[in-house]
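What follows is a single structure, written as structure tokens, with notes after it.
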Amino acid sequence: MLRPSGASLTATRQPSARADRLRHAGSDARGLRHAESGEGGLRHAELIGWWASERRDLPWRRTRDPWLVLVSEVMLQQTQVDRVLPYFETFAEHWPTPQRCAQAELAEVLAAWQGLGYPRRARNLWRTAAIITEHHDGGVPADLDDLLALPGVGPYTARAVQAFAFGIDTGVVDTNVGRILARWTGRRLAPREAQRIADDVVPEGESWAWNQAMMDLGAQVCTKRDPNCARCPVQPWCAWAGEVLGSEPSGQPDPADRSAGASSRQPPFEGSDRQARGRLLAALSTIDIERAGAASAMDLERDEARAQRLVDELIAEGLITSEGDQLRLG
Ligand code: SF4
């Protein structure tokens, strides 16, 4: 059973009948706005007010440059903020514009990405830089369809760029926000519904602050395992708060489990293909390797067939090239 950490339960407001209405209203995306008509402004003020004092200072929040926002959002896909920080600084320093990135060798970009994981993201960014340079006059597009047409840019990343670079009123549904929306409405959400609700609750003209606040709320308060409803600024409007704070929890499963946007369990990294591929790419970032030596570089000496399969996959994905017997990055 989920339990709040921190403050005393007796000091908190108990979720009201309003939260119960919201749970039902949530079956219609418009419900979040209209069932709470007149209180939406209060909800926005509470969340943004909380965020003003609790916000995390992150380098990609100090810029509205669309390219740097895009770079940060691609890096943050499937990777923790703390790990992204040094990589973002390095990338921004070396390739501050799409044009500069497009002029670089793919091998350079892949080498700078070493250790961050999921190197297809680096290849996609490099390809995206070329597309932006050639087809968008060097500027990241603001249009949703144009963004979605870029390699490696999905619904989350596209909307993050719209909100954080261009200030467009759209909901950004990452892992944290997906979890909040499910708990807020009290039920598991399908992807389109979660997006509709996320769009609907964005206060007009405050997309940047609202979406940043939602993400920080999920990272710091409405965490996956230990939601701290006692200090949550949106507790009065949250259906799930009653389950966490109430004296007689119903025992219902967490609505965020398998809800849209909320994270699913990652397969173990140790012994995975990802780990082996990462080892080969790390080795190739310093020296070319003969194909016969790939299994050793991947620590797969006793599974040569698997090693060769992984080499073929990396070649097919454009992450390494093969010239004769030599493998090289990019
Ligand atoms: S009240 Fe609790 S469950 Fe609801 S959004 Fe806040 S922390 Fe999450």
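Every number here is computed from the coordinates shown, using simple stated rules; none is lab data. Keep in mind that what you see is a predicted model, and the values were worked out from it rather than measured. With ideal geometry, Cβ positions are generated from the backbone for all residues, glycine too; neighbour counts draw on all protein chains shown.
Exactly one residue out of 275, 252 is polar (S, T, N, Q), in a helix (DSSP H, G or I) and surrounded by fewer than 18 Cβ atoms within 10 Å (Cβ to Cβ): that is 275. Helices (runs of 4 or more DSSP H) fully within the stretch 63-120 that include at least 2 residues being under 26 Å from residue 216 (Cα atoms): 66-76, 81-94. The numbered conditions (1) within 16 Å of the ligand (Cβ to nearest atom); (2) in a loop (DSSP other than H, G, I, E, B); (3) out of contact with any Pro (no Cβ under 7 Å at 6 or more places or on another chain); (4) of a type outside the set (Phe, Trp, Tyr) are all true for residue 180 except (2). Beta carbons closer than 8 Å, at least 6 apart along the sequence or on distinct chains, pair a first residue in the stretch 133-147 that is surrounded by 13 or more Cβ atoms within 10 Å (Cβ to Cβ) with a second that is aromatic (Phe, Trp, Tyr) for 140/67; 142/166. For the stretch 217-230, a residue qualifies if it is farther than 18 Å from residue 173 by Cα and more than 8 Å from the ligand (Cβ to nearest atom), and the qualifying residues are 225, 226, 230. Give the stretch 213-227 a look and list any residue that's in a helix (DSSP H, G or I) and either touching a Pro at 6+ places or on another chain (Cβ under 8 Å) or more than 18 Å from residue 155 (Cβ to Cβ) (or both), or say none. 213, 216, 217, 219, 220, listed by residue number.
The set of residues in the stretch 148-183 being surrounded by fewer than 16 Cβ atoms within 10 Å (Cβ to Cβ) and of a type in the set (Gly, Ala, Ser) consists of 149, 154, 167.
Flag: residue 198 does not match the condition of being farther than 19 Å from residue 40 by Cα and part of a helix (DSSP H, G or I). The requirement of being away from the ligand (no atom under 14 Å from the Cβ) and assigned to a loop (DSSP other than H, G, I, E, B) is satisfied by residue 169.
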